[in-house]
1. Arranged by the count of other C-beta atoms within 10 angstrom, fewest first, what order do VAL45, VAL28 take?
2. Report the gain in length on full extension from LYS4 to VAL28: 0.36 nm times residue separation, minus Cα-Cα distance, nm rounded to one decimal.
3. Straight-line reach from LYS4: which lysines fall under 28 Å, measuring Cα to Cα and dropping same-chain residues less than 8 apart?
4. Each residue of segment 40-48 in turn: what ³J(HN,Hα) in whole Hz from Karplus with 6.51, -1.76, 1.60 and θ = phi - 60°, glycine and Pro shown as x?
5. If each residue of separation counts as 0.36 nm, what is the full-extension length gain between GLU52 and ASN35 once their alpha-carbon separation is subtracted?
6. Which aspartates and glutamates, on any chain, are close to LYS41 with Cα under 18 Å apart, when same-chain ones fewer than 8 places away are left out?
7. Among (1) 4, 19, 26, 18, 10, 8, 8, 5, 2, 1; (2) 4, 20, 23, 20, 13, 10, 7, 3, 0; (3) 4, 15, 17, 18, 20, 16, 6, 2, 1, 0, only one was calculated for this model; which label is it, if the read-out is P(r) over Cα pairs in 5 Å bins from 0, in percent?
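Nothing in this text is a laboratory measurement; each read-out follows from the coordinates by a stated rule. Not measured: the values here are computed from a predicted model. A quick note on method: Cβ atoms are made from the backbone with ideal geometry, for glycine too, and the neighbour counts reach across all protein chains shown.
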Amino acid sequence: MGGKILEYEAKQILNEGKMKQAKETAQVLREMGMNEESIAKAVNVSVEILKEWFGAN
């Protein structure tokens, strides 16, 4: 059972890292003047998530 919990936690940490990287990349693309739809496609998230990220800045 402990192995499955550790595996889950490792996957969760990996996913959080990927989302952090996607958010950082999205911010750079935004600063470069790219539109939200293109950014969403580039970082593989929804436009709604981008709006949450950009609204928090």
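1. VAL28, VAL45
2. 5.0 nm
3. Within the straight-line cut-off, LYS4 pairs with LYS18, LYS20.
4. My calculation for segment 40-48 gives 4, 5, 5, 9, 6, 9, 7, 4, 4 Hz in order.
5. On the way: separation 17, 0.36 × 17 = 6.12 nm, distance 1.51 nm.
Taking GLU52 through ASN35 to full extension adds about 4.6 nm, to one decimal.
6. GLU24, GLU31, GLU52
7. So the calculated entry is the one marked (1).
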